[in-house]
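The values are calculated or read from the model by the stated rules, or taken from the named source; none is laboratory data. Values in this document were obtained by computation on a predicted structure and should not be read as measured data. As a convention, Cβ positions derive from the backbone with ideal geometry for all residues, glycine included, and neighbour counts pool all protein chains shown.
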Amino acid sequence: MTRILVIDGHPDPAGGHFIQAAADRYAAGARDAGHEVRLLRVAELDFPLLRGSQDWEQGTPCPDIARAQADLVWAEHIVILHPLWLGCMPALLKGFLEQVLRPGVAVPRDRASPMGKKPLSGRSARIVVSMGMPAFFYRWFYGAHSVKLLKRNILAFCGIGPVRTSLIGMIEGKALARARWLEKLGQLGRAAR
């Protein structure tokens, strides 16, 4: 069985959003298959934004971030779900990743060998992004740039791979399509993919 960390990156703590339902469905599918699952909702965490490299390199993480770092180290598979806002992940999720992925946790502390073994090597990930536009248009016209940023510049940089993606387009007003996607995410959770 696989240890899975599901990160719900929707910034609204009130709930009722598709991404939150998607995170719940993935986690439920994984639990049903016997996987160990931890579900982290970024909107429920209390953390400051980083304002300088000194904070990132040597600052002490607040309690919520320290727990998230422990969950990340524990996990064998990481699932990050978020809506597409202004062409990218919401700012709160980006701030969370900047806090969590610090030297010693996600990148080597030793600056003399920055291309050495990454602390999070051996983990896999899935990125799930919901959006109002058609997913094919986001891929074709926009080049899925924010997904590439998260996949290559953040996760792969930390040693995480393979990284798979699920882009869910035209999410507004399509109850049947949302239900199908929730079912598919439950299946992905059961398969730990």
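List of remarks:
- Qualifying residue in region 179-192 (condition: buried (at least 18 other Cβ atoms within 10 Å of the Cβ) and in a loop (DSSP other than H, G, I, E, B)): yes
- Which listed residue is loosely packed, with under 14 Cβ neighbours inside 10 Å and either touching a helix residue (DSSP H, G or I) at 6+ places or on another chain (Cβ under 6 Å) or not in a helix (DSSP H, G or I) (or both), from ALA14, ALA22, ALA68: ALA14
- Of LEU86, LEU120, LEU45, LEU49, all but one fail to be modelled with pLDDT of 90 or more, over 26 Å from GLU172 (Cβ atoms), among the aliphatic types (A, V, I, L, M) and more than 16 Å from the chain's Cα centre (by Cα); the exception is LEU49.
- For GLY59, the test of being surrounded by 12 or more Cβ atoms within 10 Å (Cβ to Cβ), modelled with pLDDT under 95 and of a type outside the set (A, V, I, L, M, F, W, C) is passed.
- Of everything listed in (1) basic (Lys, Arg); (2) in contact with a strand residue (DSSP E or B) (Cβ under 8 Å, 6 or more places away or on another chain); (3) under 19 Å from VAL100 (Cβ atoms), the single unmet condition for ARG31 is (3).
- So ARG38, is it of a type in the set (Lys, Arg), in a strand (DSSP E or B) and more than 15 Å from SER130 (Cβ to Cβ): yes
- Taken residue by residue, region 136-148 has at least one member that is outside any helix (DSSP H, G or I), farther than 27 Å from THR60 by Cα and either at pLDDT 90 or above or among the hydroxyl-bearing types (Ser, Thr, Tyr) (or both).
- Evaluating ILE19 against the criteria (1) β-branched (Val, Ile, Thr); (2) more than 13 Å from the chain's Cα centre (by Cα); (3) within 22 Å of ARG126 (Cα to Cα) leaves one unmet condition, (2).
- One residue stands out among those in region 163-174 that are in contact with a strand residue (DSSP E or B) (Cβ under 9 Å, 6 or more places away or on another chain) and either of a type in the set (D, E, K, R) or part of a strand (DSSP E or B) (or both): the one that is surrounded by the fewest Cβ atoms within 10 Å (Cβ to Cβ), which is ARG164.
- Failed item in (1) under 18 Å from the mean Cα position of the chain (by Cα); (2) among the hydrophobic types (A, V, I, L, M, F, W, C); (3) part of a loop (DSSP other than H, G, I, E, B), with MET133 passing the rest: (1)
- Put simply, of ILE160, ILE154 the only residue that is within 14 Å of HIS82 (Cβ to Cβ) and surrounded by 15 or more Cβ atoms within 10 Å (Cβ to Cβ) is ILE154.
- Residue satisfying all of: in region 122-144; touching a residue at least 40 places away in the same chain (Cβ under 8 Å), of a type outside the set (A, V, I, L, M) and within 24 Å of ARG193 (Cβ to Cβ); surrounded by the fewest Cβ atoms within 10 Å (Cβ to Cβ) among these: GLY122
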